[in-house]
1. Roughly how many Å is it from the Cα centre of the range 278-324 to that of the range 34-95, as a whole number?
2. Below 8 Å between Cα atoms, with a sequence gap of 6+, how large is the relative contact order for the chain in percent?
3. What does the charge add up to near TYR195, with Lys and Arg as +1, Asp and Glu as -1, over the other residues with Cβ less than 11 Å from its Cβ?
4. With angles folded into 0 to 90 degrees, how steeply does helix 253-262 sit against the dominant principal axis of the chain? Use alpha carbons for both and round to 10.
5. Farthest toward the dipole's positive end in the range 25-244, which of MET167, TYR123, LEU145, given Cβ charges of +1 (Lys, Arg) and -1 (Asp, Glu) about the Cα centre?
6. If you wrap the range 1-107's Cα atoms in a convex hull and average its projection over all directions, what's the area in nm²?
7. From the backbone phi of the range 161-175, what are the Karplus-calculated ³J(HN,Hα) couplings (6.51 cos²θ - 1.76 cosθ + 1.60, θ = phi - 60°) in whole Hz, Gly and Pro given as x?
8. Taking amide H atoms as placed 1.01 Å from N in the peptide plane, list the residues 5 or more away in sequence, or in a different chain, whose amide H sits under 5 Å from that of ALA36.
Amino acid sequence: MELVYRPRRLRRKEALRRMVRETVLTPADFIYPLFAVPGKGVRQEVEAMPGVARLSPDLLVEEAKAAWDLGVPAVLLFGLPRSKDETGSEAASPQGAVQQAVRALKKALPELVVITDVCLCGYTSHGHCGVVQRGEVDNDATCELLGEIALSHAQAGADLVAPSDMMDGRVGAIREALDERGFEMVGILAYAVKYASAFYGPFREAAESAPKYGDRRGYQMDPANVREAMREATLDVEEGADIIMVKPALPYLDIISQLAGEFDLPIAAYQVSGEYSMIKAAAARGWLDETAALLEALTAIKRAGADLILTYFAKEAAALVGRR
């Protein structure tokens with residue numbers, strides 16, 4: 001039989017494969033999540049996430065600069081407080097770890113895009129993402145507090161705020177709070193589609209944010225649902241989100257793809273702690289090639305339709321793709 005076309009012709013050499021590659025990673029694709037803690041000279045390694053540490057603002061600036069020098073344009077900041085209470089009051093403090101880190105980053109690296117996570121789980125004594133009333137998270141009271149937190153981040157100099165709580169109406173509440181105080185140009189990267197996932201475990205160690213009782217399935221999404229993801233994303237867009245995000249990434253490539261086909265806003269995807277730690281753990285046992293696995297996973301996320309990828313591999317990946 002005579003073959004009309006042989007696809008293998010274009011796979012014979014690495015140079016040929018590069019020339020016809022459909023999905024190409026660049027350092028500009030990545031957002032680097034970092035954990036800010038109070039103090040100076042503080043580095044606390046996260047056991048469940050090899051290579052990741054909680055950092056005081058001074059050391060966090062050094063880590064962000066290392067990523068910036070590799071071409072990574074943005075960081076996402078999570079904060080840990082000095083103390084916790086029922087309402088997470090330290091989250092909006094001008095002297096909080098995130099607010100201090102934002103100011104330090106904007107002074108040292110003014111062109112770096114600084115994004116801040118807006119949530120209460122790491123600040124509340126109970127570990128839930130909002131104010132708990134009669135055993136349940138009070139949606140509307142929480143939205144009001146989220147607006148105050150986002151405002152404190154904007155006042156410190158954040159370029160984008162990223163609400164991750166999954167309260168109904170929180171994007172609109174944050175947009176209103178920012179606009180009323182003259183921060184119309186601060187954008188919102190909304191955790192629009194955040195599933196109640198088993199892949200968050202290592203992060204909860206890093207951020208010390210595990211709930212003390214119950215779980216978060218009452219506000220985070222059911223992993224079985226697709227149509228609901230479209231509804232959630234639509235609501236966030238209507239309320240003023242500038243970027244919409246899917247979390248986690250790799251188990252939800254179908255959701256990323258559907259959002260990319262439905263919306264004309266930038267789509268972000270979060271390669272979460274469990275995705276990171278699985279690769280790290282398997283590589284440490286010699287069960288897979290870490291470099292090949294992380295690049296394959298990140299390529300799959302971008303191929304599905306993500307314009308931006310939040311990943312703890314940002315530095316390693318940027319170094320790898322920047323020299324290919």
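The values are calculated or read from the model by the stated rules, or taken from the named source; none is laboratory data. Predicted, not measured: the structure shown is a model, and the values here were computed from it. When we count neighbours, we look across all protein chains shown, and the Cβ atoms used for this are built from the backbone with ideal geometry, even at glycine. Heads up: the accessible areas ignore ligands, DNA and RNA and are worked out on the full protein's heavy atoms, side chains in. Shrake-Rupley method; radii C 1.70, N 1.55, O 1.52, S 1.80 Å.
1. 22
2. Values: 648 pairs, mean separation 60.5, N = 324.
Computed over the chain, the figure is 19 percent.
3. Working: positive: LYS194, ARG216, ARG217, LYS247; negative: ASP222, GLU228, GLU232.
For residues surrounding TYR195, the net value is +1.
4. 80
5. So the residue furthest toward the plus end is TYR123.
6. On the way: hull surface 47.7 nm².
Here the figure is 11.9 nm², rounded to one decimal.
7. 10, 10, x, 10, 7, 6, 6, 5, x, 6, 5, x, 5, 5, 4
8. Distant-sequence amide H within range of ALA36: LEU55, PHE78, GLY79, LEU80.
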